[in-house]
Amino acid sequence: MMTGNILLLLGVLQTLPISQALYEDQIGKFDWHQQYVGKITDMFWDQSFNAGKRVLVSSERHVLASVHSHNGSLAWRKVLEDGPRGRIDKTLHSGNLLVTLTGGGRFVRKWNAGSGLADWEVSLPGSKSGRADLVQCGRDLLAVMIQDAVYGLDPRSGRQKWSVALPQSNQVVYTHLFTSGTNLFVIGQSLGQQVTRVTVDMEGVVRSTESVKAPWLSESTQCEVTNGGVLICYRSEDQSLQTLTLTDGQVFKSTSLQILGLEPSEEVSMETVRKVEEPLIFLRTAKNHMALLELTNDGVKLKKDLPSICAAQVVSLDDKSMLFTLERIPGELKMKVYDLETGSEMADLYQTITYLPQHGYPQRIEVLMFKKRDLRLGCRFAILSEDYSMQMVLKAERDGSPGKIAWRREEALAYVLSVEMIDLPVSENQAKYEDEFGSHKDDIATMFMKRFKTQISQLKTYIQQQLQKLQGHRHHHHDTEAMAESGSDDDDEDLTRDEFNLNKLIVLVTGAGKVFGVRSTNGHIEWEHFFPELAPFDGNNQQKLLLFVQRTTAHFPNPPQCTVVGKHKGTGNGFLFSFNPISGEPVDTPPTGQVLNYRITQTSMLGELDDHFLRGILLMDPDNQIHVFPGKCLSVLKKTFGSQYMFVADRETGFIKGYRTVPNQGKFLMENVWTVNLQKKQQTITQVVGKRPLEQVHSQGRVLGDRSVLYRYLNPNLVVVVTEGEFIEQSQRGGVFNTINLYLLDSVTGHMVFHCSHKRAKGPITVVHSENWVVYNYFNQKSRRLEMAVLELYEGKEQSNSTAFSSFSSPRQPLVLRQSYIMPLFISTMATTVTEKGITSKQIIFALKLGGLLALPKALLDPRRPLVPTQETMEEGTIPYIPELPVNAEAIINYNQSLYNVQGIHTSPAGLESTSLVLSYGLDLYFTRVQPSKMFDVLKEDFDYFFISAVLLGMFVVTIATQKLSARRALSRAWK
Amino acid sequence: MADDEFEGGSRTLVLEHSFDSGLNPSFTKKGMVVLKSVKGNRAFFSSVAPLTSDELEKLKMLAKKNDIYRLRLQTGSGSSGEDYVTTYTPACGIMSSNLSDHVWIQFDQTGEVMGISLETATSQCVNGDNFSIQDWNTSVEVTQTLLGPSPDTQSYIEKLKREEQERAKGQTEDKRSFLAKYWMYIVPVVLIMMLSGGGDQQGGGGGGGGGQ
């Protein structure tokens, strides 16, 4: 018995493909990794020993990084803490000093700009209001302001020199810290009342506290402090600027925009000028209108109106101040430079730069001025654009040809919200074959001609290929300049399908409003579109942009088609963009996207394809009316409306409502047919997870140890609804605990198939819902650990309907097997692998907070794992129950390529049944492929073809020889 | 626990149904559901009245138009119209199963109604022109939110302890040679190595057809 146990245990462990590590030479062969920093908020040219060679950036995704200026690669990158603790309040860079203030004044860190290592870190109490500021005062003092105090730190060691409490810190919100001469000024605001100015000297002694009346201060008032010590506030209510000189001003001086001759608009913002001593500030009234203002004792003076300018900067070199301006004209950027003193244009610095329209307007430039060897002025500059991209111009224009973008970083890729992997189209020749079968009208003669032509062209390409082989490989020049000009950095082969359909085109939809087509082979961008007005749907802190595949590549000659569904930024109405995912060309919608005249409350896809294999999208508006996109699919809805159901989960009320489609006066309306009340008083709906549409499930059941079959409950309409809430413990100790509830709902009938709750458990919860199982994780507050629960649904030993599933006639209470496991590591998200036919066993991929992607076989998360293995369970092949899930280093599929802030993992089938493609997105993009059951359908690379053919040949020879021999023997026997 | 029982020993819920089609159907009382305890999974249904001939005609019309028969249940205090949970089933299913239906009511752990659903024996459509049964045969079943699974560390530790004890017992009396003691470990390892070696080649041969 014991022996049997061990034998079977070993057998089970052997069949489990837990390890699937790479060989060293396979690194980067099937996978690629792209690191991003997110939307850049601050940018400085490195002034330490790498002066001019690197750009230091900090981003809203809590990243501090150094970017090589020659190619845009990261010299180093520091990803700070998640959540509000890691938010960068201020980055300060001057000379060798690089200091960040993060987490609302909680941490001050000094970094080594060259290596990215932290020199010192100081922890401060932090600010309740979240406002904090940091300034450098001379060489020996860093001053940090948090809500109720100012601290003086030694920039060399971080040692605290002094601290001073700020007066009335419970009434006044301190917002700005400024240094001028030998004094520090702290500016506090009391809405509707006054501005408080606290003067502190360099020794940390409060010199004076004054308040200046400012009854106009409101939530929407923006204030900045300029060099020269002037506080300037913009009031959007009456479009006026209020200025106050910090050193001696007693009252605010008001100047209205109209007096300055500027057109007021909704989106006025201010950008401070730091590189010169004069009190100057930029005022932006539109995306392409700026103005340079000078602040004097009498108020605001217009220094220079900059109409049609979208980005500007004042730079000084050798006591000479220059104003750099960028203007966008179709296809190009015009850079003009003015001498700030005289106001005249410096013609020798004028240049034009090729600029692609898909980056929107440039928003900021950061210029580095230098003197060339011939003492002429030169400059290089980085441009930040509306689409979150960062671009670098190194070389000035020469010989009349426009200047070029040396490189660009598409930081929008750190905001991916939706992913689809699209099959590449078949090659031209194969397409011609398909064409032959596609049309039914041709007679025999034309069909013969077509076939003949196709075969001739095949022969031609074959000969061409052979000739090319003889000539040797053409050399590809990777010219960076050509790259920028063409807008695409690929000159490798066309987008055609490979033998095993492993290479795909990945469509990425980002929260920045940018849509990308990316090659899965190397991660290069094939095409991109930018929609400044596209915004994600926003609910419960979850951003969503929907991406629908309306037609796949399989329906030649009809091109594939995808559609992005989002929200229009200004009006909140629906926003659609439909395109061919391979070429990126718009289809059915204008190239700038289509704004609908209604809001979208729910979307779904039609169950049937139209005559051209297009799957329509159903859009539901707040009046429960149904719209079909594109309009030509309406005929499909007319035929199939009886089977179109939708449901809407309302987070505000806790109700989930199911709808069916009914025709009404030529339109289609959604009629509420079922309602579920999830008791908003106690809990909030946080997740609604359906299955992947058109999921392939190979096996209908599971063979048990006694050779009977347990049939799976495969309900395609099943959705998992997760709610989180709090409950009050009624025991003697009392206290408030979190609770999570899970509901499995049939979205057609509204039947609650299963519901369970976890007490003393907390989110965030990730749900993986596939086939007949649900895996979810939660934090157990009692045991203080992460747990992974699995539910598996079975119909039982008999199947209700083996051909089709109907929600109306299916068993209402399937068998729900459930078990829970301890997850030893914290995860940020998880996903399951999918394969072409669903035969390959599944893996679950966890994105660990540590940076790894851990792939575990689904067999480890099986509720049928027995505590005590018996003969029968061993026959079934279940692993004995161990509460903790195993984590071994070989199951980390991204080896040492750590991934930070993973937001999601997308998996997609490849043409090979054994292989599943994985893309993890978040701050980084990482693409790889996994083989959950190893490569059972491909010969190994080291397969011995020679040996096999030799054996075959040998057998053949032996067969013939023995045949001869036996014939001779039979003959001789017959003679006897 | 206090949550599972109701004041007065039982709780009554009013079940309403509708034979109307259209966006604003009107509901009439179908019957009462009497619950003793949510835990018991059983509830009793008392019908108010058999189907009137008017309702029967409406039901036949619904079935003919392939429309739906609706049910609803009041939740909470019932002060606003939003406080209903509703469900439906194809009307012809009701007729083909001879007015026998099965109602599920789902409760949460505090005893609030979350959802309701309706099941008929069959959802196939039959010709209902000479249908004349008027008595409902309704049964009600109740489910309550269960406690989710949690890792079973306790019994696993017990199992480990038991195994350790057994091993300790075994060790005291074992004085055999190395091979005699560990043959059961060695044989399977050798076997598996042999099998897996053979398996690879078999797999290779099989895949040869699609070869690269």
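The values are calculated or read from the model by the stated rules, or taken from the named source; none is laboratory data. On a predicted model such as this, the values are computed, not experimentally measured, just so you know. As a convention, Cβ positions derive from the backbone with ideal geometry for all residues, glycine included, and neighbour counts pool all protein chains shown.
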Inset, instruction - State all residues of the range A:772-793 that are more than 27 Å from residue B:103 (Cα to Cα), in a loop (DSSP other than H, G, I, E, B) and either within 12 Å of chain B (Cβ to nearest Cβ) or touching a residue at least 40 places away in the same chain (Cβ under 8 Å) (or both); if no residue qualifies, say none. - result: A:781, A:782, A:783
Legend entry - Any pair with Cβ under 7 angstrom, 6 or more apart, that starts in the range A:669-687 at a residue that is at the interface with chain B (Cβ under 7 Å from one of its Cβ atoms) and ends at one that is part of a loop (DSSP other than H, G, I, E, B) and charged (D, E, K, R): A:679/B:108; A:679/B:112
Legend entry - Subset of the range B:63-100 that is modelled with pLDDT of 80 or more and over 28 Å from the mean Cα position of the chain (by Cα) - its residue that is surrounded by the fewest Cβ atoms within 10 Å (Cβ to Cβ): B:65
Inset, instruction - Output the residues belonging to the range A:583-598 that are crowded, with 17+ Cβ neighbours inside 10 Å and out of contact with any strand residue (DSSP E or B) (no Cβ under 6 Å at 6 or more places or on another chain). - result: none
Inset, instruction - Of the numbered conditions (1) within 14 Å of chain B (Cβ to nearest Cβ); (2) part of a strand (DSSP E or B), residue A:617 fails exactly one; give the number of that condition. - result: (1)
Legend entry - Odd one out for residue A:541, checked against (1) more than 26 Å from residue A:631 (Cα to Cα); (2) touching a residue at least 24 places away in the same chain (Cβ under 8 Å); (3) not aliphatic (A, V, I, L, M): (2)
Legend entry - Lone qualifier among A:867, A:856, A:850 - being free of Cβ contacts under 8 Å to residues at least 60 places away in the same chain and either buried (at least 18 other Cβ atoms within 10 Å of the Cβ) or within 12 Å of another protein chain (Cβ to nearest Cβ) (or both): A:867
Inset, instruction - Within the range A:749-759, count every residue that is more than 7 Å from chain B (Cβ to nearest Cβ) and at pLDDT 90 or above. - result: 2
Inset, instruction - Scan the strands (runs of 3 or more DSSP E) fully inside the range A:44-122 and keep the ones with 1 or more residues being surrounded by fewer than 22 Cβ atoms within 10 Å (Cβ to Cβ). - result: A:63-68, A:74-79, A:88-94, A:97-102, A:107-111
Inset, instruction - Working only within the range A:909-941, note down all residues that are away from every other protein chain (no Cβ under 14 Å) and either touching a Cys at 6+ places or on another chain (Cβ under 9 Å) or farther than 28 Å from residue A:828 by Cα (or both). - result: none
Inset, instruction - Could you tell me whether the range A:587-597 includes any residue that is in contact with a Phe, Trp or Tyr (Cβ under 9 Å, 6 or more places away or on another chain), at pLDDT 85 or above and in a strand (DSSP E or B)? - result: yes
Inset, instruction - Please enumerate the residues belonging to the range A:344-358 that are modelled with pLDDT under 85 and over 18 Å from residue A:311 (Cβ atoms). - result: A:347, A:348
Inset, instruction - Scan the range A:494-527 for residues that are of a type in the set (Phe, Trp, Tyr) and touching a Gly at 6+ places or on another chain (Cβ under 6 Å) and jot them down. - result: A:500, A:527
Inset, instruction - Answer yes if at least one residue in the range B:108-117 is among the polar types (S, T, N, Q), within 11 Å of another protein chain (Cβ to nearest Cβ), surrounded by fewer than 16 Cβ atoms within 10 Å (Cβ to Cβ) and part of a loop (DSSP other than H, G, I, E, B), and no otherwise. - result: yes
Legend entry - Sole exception among (1) over 20 Å from residue A:418 (Cβ atoms); (2) in a loop (DSSP other than H, G, I, E, B) for residue A:640, by number: (2)
Legend entry - All strands (runs of 3 or more DSSP E) inside the range A:154-210 with 2 or more residues being free of Cβ contacts under 8 Å to residues at least 60 places away in the same chain and charged (D, E, K, R): A:194-201
Inset, instruction - Considering only the range A:929-950, state which residues are surrounded by 12 or more Cβ atoms within 10 Å (Cβ to Cβ), of a type in the set (A, V, I, L, M) and outside any loop (DSSP other than H, G, I, E, B). - result: A:930, A:948
Inset, instruction - Confirm whether residue A:653 is more than 17 Å from residue A:548 (Cα to Cα), within 14 Å of another protein chain (Cβ to nearest Cβ) and among the hydroxyl-bearing types (Ser, Thr, Tyr). - result: yes
Inset, instruction - Could you run through the range A:607-650 and say how many residues are hydrophobic (A, V, I, L, M, F, W, C) and farther than 24 Å from residue A:547 by Cβ? - result: 1
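Rundown of residues vs (1) more than 14 Å from chain A (Cβ to nearest Cβ); (2) assigned to a helix (DSSP H, G or I); (3) more than 30 Å from residue A:680 (Cα to Cα); (4) at pLDDT below 80, yes/no style:
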| position | (1), (2), (3), (4) |
| --- | --- |
| B:102 | no, no, no, no |
| B:123 | no, no, yes, yes |
| B:129 | yes, no, yes, yes |
| B:139 | no, no, no, no |
| B:143 | no, no, no, no |
| B:151 | no, no, no, no |
| B:164 | yes, yes, yes, no |
| B:167 | no, yes, yes, no |
| B:180 | no, yes, yes, yes |
Inset, instruction - Can you tell me which residue among A:865, A:812 is in contact with a His (Cβ under 9 Å, 6 or more places away or on another chain) and farther than 30 Å from residue A:420 by Cβ? - result: A:812
Legend entry - Among (1) in contact (Cβ under 8 Å) with a residue 12 or more places away in the chain; (2) within 14 Å of chain B (Cβ to nearest Cβ); (3) more than 22 Å from residue B:88 (Cα to Cα); (4) not basic (Lys, Arg) - the single one residue A:710 does not satisfy: (2)
Legend entry - Positions within the range A:356-379 being assigned to a loop (DSSP other than H, G, I, E, B) and either among the basic types (Lys, Arg) or closer than 21 Å to residue A:533 by Cβ (or both), in sequence order: A:356, A:360, A:361, A:372, A:373, A:376
Legend entry - Per-region count, the range A:123-166, residues of a type outside the set (A, V, I, L, M), surrounded by fewer than 17 Cβ atoms within 10 Å (Cβ to Cβ) and closer than 22 Å to residue A:210 by Cβ: 3
Legend entry - Scan of the range A:280-320 for residues that are in a strand (DSSP E or B), of a type in the set (Ser, Thr, Tyr) and touching an Asp or Glu at 6+ places or on another chain (Cβ under 7 Å), ordered by number: A:285
Legend entry - Every residue from the range A:870-879 that is under 15 Å from residue A:857 (Cβ atoms) and within 14 Å of chain B (Cβ to nearest Cβ): A:879
Legend entry - Positions within the range A:240-271 being more than 16 Å from residue A:290 (Cβ to Cβ) and either in a loop (DSSP other than H, G, I, E, B) or among the charged types (D, E, K, R) (or both), in sequence order: A:246, A:247, A:248, A:249, A:250, A:251, A:252, A:253, A:258, A:259
